[in-house]
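Participant: Structure in structure tokens, see below.
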Amino acid sequence: MPRIDGAVARALGAAGLAERAGVYAELSKFGIVLLVLVSAAAGFMLRAPLGADFPWVHGLVVLVGVMLLSSGASALNQVQERDRDALMARTAGRPLPSGRISHAHGLTFATVATAAGAAVLWIGIGRTAGILGLIAAIFYNGVYTPWLKPTSAFAAVPGAIPGSIPPVIGWVAGGGGLTDAGAVILFGILFLWQMPHFWALALRYRGDYASGGFPMVSDVVGVEGTARLILLYASGLTAWSLAAPTFGIGGPVSFVLAALLGGRLMWLAIKFARQPHDQRGWLSLFLFSNFYLLLLFAGMVAERLLWRLL
């Protein structure tokens, strides 16, 4: 009997630990963190020297640092917006408004993770990477979340700045500089991509955001105006991505891939602009935007590795 009781206790303990880990993963928006890691890894892989001199340690350090920093910033965002989250059906079940974790625990996790991420980047990569990480967190949690997002319908535009920094951190970790054309190209791709992605999502949860007191672009320019803005930024993103090989980011394969992905994105944006009240339009656009970034970065990195082997 004691053996059975001990096994049961261990099983319950493991289940409780897994549940707690799941709560913190949800608090850190780990799905978004993974996308951030992809962008940071892409920046690193597109700049780091290949072959025997490949800086494996720097690659691991940048992933750990960016993961901690992004997790902490996302968790702090939920701490800051817990009262508004409780008002929206989409977010009412999050760890803080649902009571699955206390405010003190959430704040402690966010603070420790953010500080640890910045320290890992600063010590493991260098001062520039550490400062970039701090700038991203401070802008996101100190400017965008408490000030821009609750007051401006166009908050997503300046709010895209911190989300565009991770690939630059990866680029710097790979040996590049802030003013390199590659760093600017990667920053621009992430910056321009965020508007079609977020504004399409915002249309899906338009009622929710209104319940939470967040002004949306559609409140100012309507659904039709939002569709035109999405088309504008999708066009800019396509042009920017097509220009990347000219500045040494990718080659002919990346150019063709950017043309195909950009063509598809613009076609969806045009369809949506023609029929802005058809919810299938913005839903298709949002879903494809998730794959756009992953496929574009994967193609750029794969092409660089391929040319190394040839």
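The values are calculated or read from the model by the stated rules, or taken from the named source; none is laboratory data. Just so it is clear, the model here is predicted, and its values are computed rather than measured. Heads up, the Cβs are rebuilt from the backbone with ideal geometry, glycines too, and the neighbour counts pull from every protein chain shown. Ligands, DNA and RNA are excluded from the accessible area calculation, which covers all protein heavy atoms including side chains. Shrake-Rupley method; radii C 1.70, N 1.55, O 1.52, S 1.80 Å.
Participant: Return the residue satisfying two criteria in turn: it lies in segment 273-310 and is closer than 16 Å to R204 by Cβ and either touching a Cys at 6+ places or on another chain (Cβ under 7 Å) or among the aliphatic types (A, V, I, L, M) (or both), and of such residues it is most open to solvent (accessible area, probe 1.4 Å).
Facilitator: So, considering only residues that are closer than 16 Å to R204 by Cβ and either touching a Cys at 6+ places or on another chain (Cβ under 7 Å) or among the aliphatic types (A, V, I, L, M) (or both), the one most open to solvent (accessible area, probe 1.4 Å) is L287.
Participant: Considering each of R47, R84 in turn, give the residue that is among the charged types (D, E, K, R) and in contact with an Asp or Glu (Cβ under 9 Å, 6 or more places away or on another chain).
Facilitator: Exactly one residue qualifies, and that residue is R47.
Participant: Same structure again: Please give the helices (runs of 4 or more DSSP H) falling wholly within segment 24-99 in which 1 or more residues are crowded, with 17+ Cβ neighbours inside 10 Å and aliphatic (A, V, I, L, M).
Facilitator: 30-45, 56-80
Participant: Hey, another quick one. Hey, can you tell me all the residues within segment 257-310 that are polar (S, T, N, Q), out of contact with any Leu (no Cβ under 7 Å at 6 or more places or on another chain) and without any contact (Cβ under 8 Å) to a residue 40 or more places away in the chain?
Facilitator: The one that is polar (S, T, N, Q), out of contact with any Leu (no Cβ under 7 Å at 6 or more places or on another chain) and without any contact (Cβ under 8 Å) to a residue 40 or more places away in the chain: Q275.
Participant: V220 passes all but one of (1) open to solvent by 40 Å² or more (accessible area, probe 1.4 Å); (2) without any contact (Cβ under 8 Å) to a residue 60 or more places away in the chain; which number fails?
Facilitator: (2)
Participant: Does segment 186-203 contain any residue that is over 17 Å from F297 (Cβ atoms), among the small types (G, A, S) and in a helix (DSSP H, G or I)?
Facilitator: Yes.
Participant: Here's another thing I want to ask about it. In segment 206-264, how many residues are under 23 Å from the mean Cα position of the chain (by Cα), assigned to a helix (DSSP H, G or I) and of a type in the set (V, I, T)?
Facilitator: 4
Participant: Taking only pairs six or more apart or across chains, which ones have beta-carbon atoms under 6 Å, a first residue in segment 9-25 that is closer than 17 Å to H103 by Cα, and a second residue that is at pLDDT 65 or above and hydrophobic (A, V, I, L, M, F, W, C)?
Facilitator: V23/I101
Participant: Tell me which residues, restricted to segment 144-157, are in a helix (DSSP H, G or I) and either more than 25 Å from L229 (Cα to Cα) or open to solvent by 40 Å² or more (accessible area, probe 1.4 Å) (or both).
Facilitator: P146, W147, T151
Participant: While we're looking at this one, here's another question. Could you please let me know if L17 is at pLDDT 90 or above, in a helix (DSSP H, G or I) and under 26 Å from A110 (Cβ atoms)?
Facilitator: no
Participant: Any residue in segment 184-206 that's within 16 Å of T91 (Cα to Cα): show its pairings with residues that are open to solvent by 20 Å² or more (accessible area, probe 1.4 Å) at Cβ separation under 6 Å, as long as the two are six or more apart or on different chains.
Facilitator: L201/F286; L203/W282; Y205/R90
Table: residues versus (1) surrounded by fewer than 23 Cβ atoms within 10 Å (Cβ to Cβ); (2) under 18 Å from the mean Cα position of the chain (by Cα); (3) free of Cβ contacts under 8 Å to residues at least 24 places away in the same chain.
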site: S102; (1), (2), (3): yes, no, yes
site: F109; (1), (2), (3): yes, no, no
site: G124; (1), (2), (3): yes, no, no
site: T128; (1), (2), (3): yes, no, no
site: I138; (1), (2), (3): yes, yes, yes
site: S164; (1), (2), (3): yes, yes, no
site: V168; (1), (2), (3): no, yes, no
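Participant: While we're on this one: Within segment 228-241, is there a residue that is of a type in the set (V, I, T), buried (at least 17 other Cβ atoms within 10 Å of the Cβ) and under 18 Å from L287 (Cα atoms)?
Facilitator: yes
Participant: Here are some conditions: (1) touching a residue at least 24 places away in the same chain (Cβ under 8 Å); (2) under 27 Å from S218 (Cβ atoms). P97 meets all but one. Which one does it not meet?
Facilitator: (1)
Participant: Any idea which of (1) of a type in the set (S, T, Y); (2) farther than 25 Å from T179 by Cα; (3) open to solvent by 30 Å² or more (accessible area, probe 1.4 Å); (4) modelled with pLDDT of 95 or more is the one Y205 doesn't satisfy?
Facilitator: Status for Y205: all satisfied but (4).
Participant: Residues that are under 20 Å from G176 (Cα atoms) and touching a helix residue (DSSP H, G or I) at 6+ places or on another chain (Cβ under 6 Å): does segment 70-91 have at least one?
Facilitator: Looking for residues that are under 20 Å from G176 (Cα atoms) and touching a helix residue (DSSP H, G or I) at 6+ places or on another chain (Cβ under 6 Å), one finds none in segment 70-91, hence no.
Participant: Determine if segment 141-154 includes at least one residue that is over 30 Å from A210 (Cα atoms) and aliphatic (A, V, I, L, M).
Facilitator: no
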